[in-house]
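The values are calculated or read from the model by the stated rules, or taken from the named source; none is laboratory data. Because the structure is predicted, anything quoted here is derived from the model rather than measured. As a convention, Cβ positions derive from the backbone with ideal geometry for all residues, glycine included, and neighbour counts pool all protein chains shown. The area values use the complete protein model at the heavy-atom level, side chains included, leaving out ligands, DNA and RNA. Shrake-Rupley method; radii C 1.70, N 1.55, O 1.52, S 1.80 Å.
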Amino acid sequence: MGGERPPPISGGGGAFAFISKGWREVRDSASADLRQMRARADRELEHLLTSASALAGPPLPPVAAGAPIVEVEFVRKRIQPKIMELRRQYSSTVREEGWVPKAAGASLRVDLSGITAIRNAIVAEGGGGGGGRWGLVRWKGRADDEGRKEWEVVRMIRSGLKEFERRSLSSEAFGGFRGRGEFVEKFKLSLKSLNKESQESKEVLPLDLTEILAYLVRQSGPFLDQLGIRRDLCDKIVETLYSKRNGRLIYHSLSADSSLIGNENMTDELDLRIARVLESTGHHTEESFWKDPAKYKLSDNRRHVAIVTTASLPWMTGTAINPLFRAAYLARSTKQKVTLVVPWLCKSDQELVYPNNITFSSPEEQENYIRNWLQERLGFEAKFKISFYPGKFSKERRSIIPAGDTSQFISSSEADIAILEEPEHLNWYHHGKRWTDKFKHVIGVVHTNYLEYIKREKNGALQAFLVKHINNWVTRAYCHKVLRLSAATQDLPRSVVCNVHGVNPKFLKVGEKIAADKERGQQSFTKGAYFLGKMVWAKGYRELIDLLSKHKSDLEGFNVDVYGNGEDSQAVQMAARKLNLCLNFFKGRDHADSSLHGYKVFINPSVSDVLCTATAEALAMGKFVICADHPSNEFFKSFPNCLTYKTSEEFVARVKEAMASEPSPLTPEQRYNLSWEAATERFMEYSELDKVLNNKIGYSGQDGKRSKVRKIPLLPKLSEVVDGGLAFAHHCLTGNEILRLATGAIPGTRDYDKQQCMDLNLLPPQVQHPVYGW
């Protein structure tokens, strides 16, 4: 430190370049009403300094007409020698170092800011003894005593400025200054603010109680304003509290008129103080309890959409397939980046869930499977990211339950918009960050009519009552908007009914091919009726067996081929054989399999579905569909090939009608309504995602450029406070393992286990969320 010198200043302007830089900063920061007076002072002071700095300059001209001779003598005897000494010292350094000074006669502008070296000298003079106080400003190769002598000039200048200020109080020549000289005050404040920066860079002292109170009052300004307390009174309280802090960091203006720096400087100083204390602690948080501005600082002009679902391929279920297509079609837009977040199961659970003994040893292997499956069905490249969160399969609920905090698997930098596929399912046992706190907009998509399934179980009515209110609770606490695929689901807070699902483009191509064959006079449908679905009683198998057994004589010779796998496979087949029904059972297969293209009639008697994907696929392939007149089938009623029934007698009539006629080819409009392009448009509209993507609140400028400032309401609405309370209560309850087990949670799902840590390369929960004091 002691042997270093300040960096050379370009142009060889020397110490006066240091000084001249600061005056420009002071002058620019001055308010408009002082500019005229400052200009006058500038001219007079420049005249003084220019004359005094000349090595063999002419005698100092009068400061101003009519100025007392004593002021001129003061400047001549006290100021001029100091400046000349400083100029000589600097000139010698220029010669030693080989710097090129300005040409002789060049005008010397006064610009009194950027005085880093002078600042350090003045800082050192006020604090710390010994050689350390001068070491920061010594020139290279000079001894300690010589360095002290050299910068003694700076001390003399400062004392001269104090004397100059004192004498100027009664001087007519400086009558343009108010009080005790605003110019000198601003100059001193600049030096001291630089002082403060140098001192605090070494050590940041902890906050005083008065500083904490001052910041609390300032942050409570909007609330106090609602109570009728004026803002200027709040500012006065903040100023009073902050000025009484243990005598540290105080550099108020000595001017009688404090409006020069005023509350604005006090507020900025307080903010800077708080920021430095936080920075010195090394504290960092990704999310705050209410709002976190950092999550709005996105890396580029594209938004981030995270789609979180409860199932994944190769499990051929709606919550695995439909979110996958949604991610692919949303990613086609240049406005947003998309991440699909799916559950990862350990080997033992994979063997229970995935068909045909398919298992994966790593998430990368499963991701490749998913992408290959999707690429075979799309006509474009799907550019989205796939992430995994740990999950466990529940045999009793026949579904995957998340383990740990699912939201932590979306980074804060990408936490912008969240789409929760099955929001009630994802949040039944969610014990982590609140989705609506981490994300700006959270959309829930309800896939499953859980109440209908639960009613079929033991004590179903009581369980359905409890689950209904839990669903209301979690969707209100964690979602801004909820989309219900049909009116078959329960009515949830902030929900609208809209089918936002489309069909695989492969099915539409099959339908186009069948229509083309029909125009050429070729027979496309060579088989009769079939049913396809997961083989569990609740998926329509009970209704199918009841209808066929009741009208066995009316439908004599009518055969139905059934495709499916599931937990109730043996029970369903035994019931059909016992009743001697014309049902042929086959293993489950993809609906797009070519072996299914020749069927003319698809039968789906299920009333537990929310929106049957297989029904939409059959319509897209140009087949007849026979289904119940039920809210879950409301979207399909507009298609001429959809035949609905209300009674079992009507079912028989619909079967005979379909078997005796040919389905109508789909029109281009009908094909488009079934496509994922149309479904994505409906999703953007009904979820209000299009408004969010084009939202100007918190963003400004054209071409989607975002500003770093976002608008925050002064006070939260009552509904937001209630929602926050519901989320907090849910968080507390789901943190209790006994309550979790009592309500049906899988043991150990509050956090992920060791095997999941190994599979997903995660730190153990005890490391990520340590419990201190144990």
query: Taking Rh as the Kirkwood radius computed over C-alpha pairs, what is the Stokes-Einstein D of the stretch 505-674 at 37 °C in a medium of viscosity 0.692 mPa s, expressed in µm² per second?
result: 203
statement: The simple spin-label model distance between residue 519 and residue 333, using points 7 Å out along Cα→Cβ, in nm, is 3.4
message: Can you give the log10 of the normalised intensity I(q)/I(0) at q = 0.11, 0.13, 0.17, 0.18 Å⁻¹, computed with Debye over equal Cα scatterers of the stretch 587-682?
response: -0.32, -0.44, -0.77, -0.86
message: Please compute the contact order of the stretch 505-674 in relative form: average sequence separation of alpha-carbon pairs under 8 Å and at least six residues apart, divided by the residue count, as a percent.
response: 25
statement: In the stretch 505-674 the accessible area split gives carbon plus sulfur, as whole percent at 1.4 Å, a share of 51
- line: residue 607 neighbourhood, Cβ < 14 Å, K/R = +1, D/E = -1, net charge -1
- prompt: Label 7 Å along Cα→Cβ of residue 394; the stretch 402-424 residues with amide nitrogen under 18 Å?
  reply: 402-407, 421-424
message: Restricting things to Cα coordinates, could you compute the convex hull volume per residue of the stretch 544-611 in Å³?
response: 116
field: the stretch 393-422 and the stretch 545-598: distance between their alpha carbon centers, rounded to Å
entry: 35
message: Beyond a 31 Å Cα-Cα separation, which of these cross-linked pairs lie in this structure: 337/637; 552/600; 347/433; 347/623; 244/440?
response: 337/637; 347/623; 244/440
query: the stretch 434-531: which trypsin sites (Lys or Arg not before Pro) are DSSP loop and have at most 10 other beta-carbon atoms within 10 angstrom?
result: 458, 520
- line: The answer for residue 447, listing residues at least 5 apart or on another chain whose modeled amide H is closer than 5 Å to its amide H, is 422
